[in-house]
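The values are calculated or read from the model by the stated rules, or taken from the named source; none is laboratory data. These figures come from a predicted structure and were not determined experimentally. For neighbour counting, all protein chains shown are included, and Cβ atoms are generated from backbone atoms with ideal geometry for every residue, glycine included.
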Amino acid sequence: MNMLPLQVSTNPHPHPPSLLLSSSNNCSFCPTPRSLYNSKSKLYHFRSIVGTLNFRVFAVSGNSAFKMNLNEYLVTLEKPLGIRFALTSDGKIIVHSLTKGGNAERSRIIMVGDTLKKAGDSSQNSLVEIKDVGDTRKVLNEQTNSFSLVLERPTNPFPIQLLHKMNDLEIVFNRGRVPVVTWNKTLLASNLQSSSKSCGNSGFLMFNSKFLKPNGSKLLNNLNQHTITHGERNFFTEHKTQLACVFSEKVCGDGDWAHGSFPLEEYIQALDRSKDEMYYNHSLGMRYSKITEQIYVGSCIQTEDDVETLSKDEGVAAVLNFQSGTEAENWGINVKSINESCQRNNILMINYPIREGDSYDMRKKLPFCVGLLLRLLRKNLRVFVTCTSGFDRSPACVIAYLHWITDVSLHAAYTWVTGIHTCRPDRPAIAWATWDLIAMVESGKHDGPPTHAVTFVWNGHEGEDVTLVGDFTGNWKEPIKAKHQGGPRHEVEVRLAQGKYYYKFIVNGQWKHSTASPAERDERGNVNNIIVIGETASVLPSVQHQQKDANVIKVIERPLNEKERFMLAKAARCIAFSICPIRLAPK
């Protein structure tokens, strides 16, 4: 590995003819201006004086001048360094913490989680490659005034919050892993190597990877990998950093150690607030989970190898895909090659796009999706239900199937699927579609308990006396008082069953209709507001034009009574039986 003359400086000087990028903007690791330039003929470097601290920063590249690892950097510090290192379970030496006000912290470049690659005496211009704890301790204990370190910044942010919560017990023990018993000395750390040229008949038993080189750490860390099935590897799991030991140079003193010069507690609280948020990482590949013996759910198929995995490892014979062609194109998925691979593996591919993040489109198309799934399962096919992320559309279809077809409550179905597969489907959309299905066999009018909560809104003038009347208020005879919400806004919340209703407002004793909501004129010439709660499910869903309405309608999710469960099961099967079992399209 060579050092290129690519410099980061806090003290700009006149530049030689070169590729020059000069700006007054601050860089990510120091709030002072920087200059960046490259020269082929000469090595330029700058020193920056910060109090009594001297440091130099270089970018580091590989053997070729055109292949540069910009994640690596070289920094020169005065001793004591003020760095506490840690050995991870996979054999890496990382920065664990920094002394408050120490040389490393004041350099404003070294961060917790950076991996130590090389180190050495800066005056000798020689760097030793760091392979294990023994190498690190030997180099750190050298008697020198200044020290050079080559570190690598991780591609993804290092989970500092895990170090903050980690106690000594988690560091000392290796969390129950089986020890390594070996006669192979090449696995041992350098400080355990014997000086004599022995034949190597001595055996070693190690419970902790601090005594091993990286290849030995990998062996210790992966002893039980053969017992993990392919499906289990595809479950979404949170990566947790495990440490084998923590150490520092002997002259560091008793300073206060910290994981950064920022309010860590506030950072952890912010992470806790956002821990339920989910982000789709396409680079992780296809992720899926087994819900039942016949149903799998997961993210999109990306390659032909994914098709092979589903066919040979899981026995999938049909794929129900809700991803649109535009989404596949945006993610760089070759749909043609995947379809051809499905044909070669005798997998039936069904594409039925649902707009991502569109609750209304999901609600309207969900009955047909469940009908398709039922038809495929009736053919005794093992089905993989998928969308782009596997977080919303595909698990919503599986939950709706369990709720509508197998007579499982929505709460139980939702809990079951989300407990197995990491996802967050649109639960209100499933509840909306449930009432739409029931309305299909009730001719649009529900006879049971309320299904929706409606907030009627009147926008008039402040100080008005407003009440609501309609055919749901004792046949227009029992007005409901509106609550003033500030300014001209008045609201009335009423729980109603699915159906069509007429209403009006009484404002200061005068009957008025709201111009901000739909209205109709009756046979007597009176203008009344009208509200239609819910719609009717269909095997050919049509997206209706949404009329402008100031009122707010929210679906009510509640346990269904026996009559509602019967009507739901009937309606869901009517949708399924309206699908041709051969063409898998509406009859």
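Here are the numbers for this structure:
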read-out	value
Output for the range 416-434, where each listed residue is buried (at least 23 other Cβ atoms within 10 Å of the Cβ) and over 19 Å from S389 (Cβ atoms)	W432, A433, T434
Matching option when the condition is closer than 25 Å to Y401 by Cα, touching a residue at least 24 places away in the same chain (Cβ under 8 Å) and of a type in the set (K, R), among R495, R489, R583, R558	R558
Residue under evaluation E520, criteria (1) in contact (Cβ under 8 Å) with a residue 24 or more places away in the chain; (2) part of a strand (DSSP E or B), criterion not met	(1)
Which listed residue, of V370, V383, V335, V316, is within 21 Å of Y280 (Cβ to Cβ) and among the β-branched types (V, I, T)	V335
Every residue from the range 516-544 that is over 30 Å from A569 (Cα atoms) and surrounded by 11 or more Cβ atoms within 10 Å (Cβ to Cβ)	A516, S517, P518, A519, E520, N526, V527, N528, N529, I530
Test for S283: is it of a type in the set (G, A, S), out of contact with any His (no Cβ under 9 Å at 6 or more places or on another chain), surrounded by fewer than 13 Cβ atoms within 10 Å (Cβ to Cβ) and modelled with pLDDT of 75 or more	yes
Failed criterion for R363 (all others in (1) out of contact with any strand residue (DSSP E or B) (no Cβ under 7 Å at 6 or more places or on another chain); (2) of a type outside the set (A, V, I, L, M, F, W, C); (3) in contact (Cβ under 8 Å) with a residue 24 or more places away in the chain; (4) not in a helix (DSSP H, G or I) hold)	(4)
Number of the exception - V385 against (1) modelled with pLDDT under 95; (2) buried (at least 23 other Cβ atoms within 10 Å of the Cβ)	(1)
Test: residue in the range 435-457 that is surrounded by fewer than 21 Cβ atoms within 10 Å (Cβ to Cβ), more than 29 Å from N330 (Cα to Cα), of a type outside the set (D, E, K, R) and under 25 Å from the mean Cα position of the chain (by Cα)	no
Of all residues making up the range 375-400, the number that are under 30 Å from the mean Cα position of the chain (by Cα) and farther than 28 Å from N330 by Cβ	1
Candidates E308, E340, filtered to the one that is among the acidic types (D, E), assigned to a helix (DSSP H, G or I), modelled with pLDDT of 95 or more and farther than 26 Å from C580 by Cβ	E308
